[in-house]
Amino acid sequence: MHVYIEDIGKHEGEEITVKGWLYNKRSSGKVRFVLIRDGTGIVQSVVAKGDNDDKTFDAADRISQESSIILRGTVRKDERAPGGYEIVATDIEVLQLAQDYPITPKEHSIEYLLPLRHLWLRSKKQNAILRIRHELIKACRDFFDNRGFINTDTPILTPASVEGTTTLFPVDYYGDKVYLAQSGQLYNEATIGALGKVYCFGPTFRAEKSKTRRHLTEFWMLEPEVAFLDLDGVMDLAEDMTVFIVEQILNKKMTELETLERDITKLKKVKKPFPRITYKEAVTIIQEKCKDFKYGDDFGAPHETVISESHEKPVFVHHFPAGVKAFYMKRDPGDDSLSLSVDMIGPEGIGELMGGGQREDDYDTLLKRIKERKLPEDAYQWYLDLRKYGTCPHSGFGLGIERTIAWICGINHVRETIAFPRMLEKVYP
RNA sequence: UCCUCGGUAGCUCAAUGGUAGAGCAUCCGGCUGUUAACCGGAGGGUUGCAAGUUCGAGUCUUGCCCGAGGAGCCA
């Protein structure tokens, strides 16, 4: 019977078959220890000379790292085996003998590993990260689905940019120029008119010349948008979601967090309420460390780090100066220089995880903003329509999935949080 | 685009301006409970490229190429 390695403990004493790849091999005299992985885990198998026919022992002797094999044997509990169980092999079938596998079980440099990403994914740590990514995305969807949100995916090919300024990837569309989406938010603002509360989750593209551990040119963003929700409401939503996803990962992915050697005491501190500070208060905190920072400046990476390290939980910074935020952000009715915007800065120096706020819902004001920033008015006609036919206060945010995974996994670069990262001038493999 | 650091064996790294080395991987041999096993042996090099200084350059100088980290911008 074919058994996946993660279920091996349920089959003690049984004759089973595992199918996978050779992870590593050790030997002592006439005993061979064969470590097999099948994607769900790693198990040790023992082959001793004389226990079986020579064919099985020779196969154990011959197989090389990452050779594909089908192994039959009996499951035995043994505390000397990693994982507590091992298979006493009776037969090893070698499907293909891999030669000179380039990633040996030792340390390698990032320069070496990145072009070998298609193979690097087989390693323990990368396997754990991708499993956590899967669970995190599932937790995000569950959170919104449980609250009656409708997943309404937004287009990837778009006629114009959200903010008009950020660099976009142009695509030829039957002779016209369209762009890969950098956000689904504007479309979400339309679908809330139909469905009330929605989210989209998909890839977004930014052709910025960013070369840092926080940037990918193709990354996944989760964007909820809710009609009749204000700034405080959107912070409540983001807070509830963050607490939920961290809880889910802690409940379901402990093995993977251990593989990653993540300090989970830090994740366990992610409970309500998160600190909420105004931009103005944040400036005071930043200026203690960064003397040259002026009120009105947008946060740079070092400034986010200061905020990030000032608390053990994610921190909401709200009411940014209108000038540093997008045209669609609603202004503070009490102070027109401020916007009803919010960023969530993750702890442990991870930086910005989420950005959002309350949207401008007045037709004339929005038109004024579009003109101020010299955006193509024609392209925004449909967007303006939303303020013409039953406008309402509404809010939403965008969560960067890769940054969130990096934070939860405790790894310092987003390139390891996606199977095939796309970075500045790097699209292989 | 800018700043900093780096490029030596398949990989990870060492080498006062004076014969280019180790560990791992590979191959051969040994060991009946290994835990990145261990022990013995072997093969493996245009020191990123080009020019220069020097009796002599992996090492010093200049230019170029490639990579990493960071900045700006952002999620």
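What follows is calculated from the coordinates using simple rules that are stated; it is not laboratory data. Just so it is clear, the structure is predicted and the values come from calculations on it, not from any experiment. All Cβ positions, glycine included, derive from the backbone under ideal geometry; neighbour counts span all protein chains shown.
Rounded to the nearest 500, what is the 222 nm mean residue ellipticity of chain A from helices alone, with -39500 (n - 2.57) per DSSP H run of 4+ residues and division by all residues? Kindly include the intermediate steps, with their values, before the conclusion.
On the way: 13 runs with 128 residues, N = 429.
Only helices count here, giving -8500 deg cm²/dmol.
Give the cross-link partners of A:LYS211 among the lysines, using a straight C-alpha distance below 23 Å as the criterion and excluding same-chain residues fewer than 8 apart.
A:LYS325, A:LYS426
Does anyone have the angle between helix A:185-195 and the longest principal axis of chain A? Alpha-carbon axes, 0 to 90°, nearest 10?
With both axes taken from Cα atoms, the answer is about 90 degrees.
Per residue, how much space in cubic angstrom lies within the convex hull of the C-alpha atoms of chain A?
Working: hull volume 76.9 nm³, N = 429.
Dividing the Cα hull volume of chain A by its residues yields 179 Å³.
I need to check one value: relative contact order of the range A:313-392, counting alpha carbon pairs closer than 8 Å and at least 6 residues apart, in percent. Write down the numbers at each step before the final one.
Working: 116 pairs, mean separation 19.9, N = 80.
Computed over the range A:313-392, the figure is 25 percent.
How charged is the neighbourhood of A:ILE110? Take every other residue with its Cβ under 14 Å from the Cβ of A:ILE110, and add Lys/Arg as +1 and Asp/Glu as -1.
Details: positive: A:ARG117, A:LYS125, A:LYS211, A:ARG213, A:ARG415, A:LYS426; negative: A:GLU107, A:GLU111, A:GLU416.
Net charge around A:ILE110: +3.
For chain A, with the dipole built from +1 on Lys and Arg beta-carbon atoms and -1 on Asp and Glu ones, taken about the Cα centre, which of A:PRO224, A:ILE110, A:GLY396 lies farthest toward the positive end?
A:ILE110
What's the magnitude of the charge dipole for chain A around its Cα centre, counting Lys and Arg as +1 and Asp and Glu as -1 at the beta-carbon? Answer in Debye, nearest 20. Write out the running numbers ahead of the final one.
Details: 60 positive and 67 negative charges, 157 e Å.
So the dipole magnitude of chain A works out to roughly 760 debye.
For chain A, what relative contact order do you get, as a whole percent, if you take Cα pairs closer than 8 Å and at least 6 residues apart?
Working: 812 pairs, mean separation 57.8, N = 429.
Reported as a whole number, the value is 13 percent.
Tilt of helix A:124-146 relative to the longest C-alpha principal axis of chain A, in degrees (0 to 90, nearest 10)?
For A:124-146 against chain A, the angle is about 50 degrees.
Would you kindly calculate the mean projected area, averaged across all directions, of the convex hull enclosing the Cα atoms of the range A:102-237, in square nanometres?
Details: hull surface 46.1 nm².
Seen from a random direction, the Cα hull of the range A:102-237 projects 11.5 nm² on average.
Looking at the range A:209-274, which trypsin sites (Lys or Arg not before Pro) are in a loop (DSSP not H, G, I, E or B) and have at most 14 other Cβ atoms within 10 Å?
Details: sites: A:LYS209, A:LYS211, A:ARG213, A:ARG214, A:LYS252, A:LYS253, A:ARG262, A:LYS266, A:LYS268, A:LYS269, A:LYS271; in loops: A:LYS209, A:LYS211, A:ARG213, A:ARG214, A:LYS253, A:ARG262, A:LYS269, A:LYS271.
Counting only loop positions with at most 14 other Cβ atoms within 10 Å, the trypsin sites (Lys or Arg not before Pro) in the range A:209-274 are A:LYS209, A:LYS211, A:LYS269, A:LYS271.
What pairs from A:LYS77/A:LYS138; A:LYS106/A:LYS138; A:LYS77/A:LYS124 go past 25 Å between their alpha carbons?
A:LYS77/A:LYS138; A:LYS106/A:LYS138
Given a 10 angstrom Cα cut-off, can you work out which residue in A:CYS200, A:CYS290, A:CYS140 is the most mobile in a GNM of chain A?
A:CYS290
What aspartates and glutamates sit close enough to A:LYS30 to cross-link, taking a C-alpha to C-alpha distance under 17 Å and skipping anything fewer than 8 places away on the same chain?
Straight-distance partners of A:LYS30: A:ASP51, A:ASP53, A:ASP54, A:ASP58, A:ASP61, A:ASP91.
With point charges of +1 on the Cβ of Lys and Arg and -1 on the Cβ of Asp and Glu, referenced to the Cα centre of the range A:284-429, which listed residue (A:ILE350, A:THR365, A:LEU338) lies farthest in the positive direction of the dipole?
A:THR365
Just rank A:SER68, A:SER109, A:SER341, fewest to most, by other beta-carbon atoms within 10 angstrom. Walk me through the intermediate numbers first.
On the way: A:SER68 15, A:SER109 7, A:SER341 28.
Least to most surrounded, the residues fall as A:SER109, A:SER68, A:SER341.
Show me A:317-323, A:119-125, A:81-87, A:404-410 ranked by packing, highest mean number of other Cβ atoms within 10 Å first.
Working: A:317-323: 20.9, A:119-125: 15.7, A:81-87: 18.1, A:404-410: 23.9.
Answer by packing, highest mean first, reads A:404-410, A:317-323, A:81-87, A:119-125.
Which of the GluC sites (Glu not before Pro) across the range A:93-174 are loop residues per DSSP, with 12 or fewer other Cβ within 10 Å? If you can, show how the numbers build up before the last one.
Working: sites: A:GLU93, A:GLU107, A:GLU111, A:GLU135, A:GLU163; in loops: A:GLU107, A:GLU163.
Those that pass, being in a loop and sparsely packed, are A:GLU107.
I'd like the trypsin sites (Lys or Arg not before Pro) in the range A:324-429 restricted to DSSP loop residues with at most 16 other Cβ atoms within 10 Å, sorted by number.
Numbers: sites: A:LYS325, A:LYS330, A:ARG331, A:ARG359, A:LYS368, A:ARG369, A:LYS371, A:ARG373, A:LYS374, A:ARG387, A:LYS388, A:ARG403, A:ARG415, A:ARG422, A:LYS426; in loops: A:LYS325, A:LYS330, A:ARG373, A:LYS374, A:ARG387, A:LYS388, A:ARG422.
Passing sites in the range A:324-429 are A:ARG373, A:LYS374, A:LYS388, A:ARG422.
With Kirkwood's inverse mean 1/r over C-alpha pairs for Rh, give me the Rg to Rh ratio of the range A:265-373, two decimals please. Before the final figure, lay out the partial values.
Numbers: Rg = 14.9 Å, Rh = 14.7 Å.
Here Rg/Rh amounts to 1.02.
May I ask for the angle, rounded to the nearest 10°, between helix A:231-252 and the longest principal axis of chain A, with both axes built from Cα atoms and the value confined to 0 to 90°?
0
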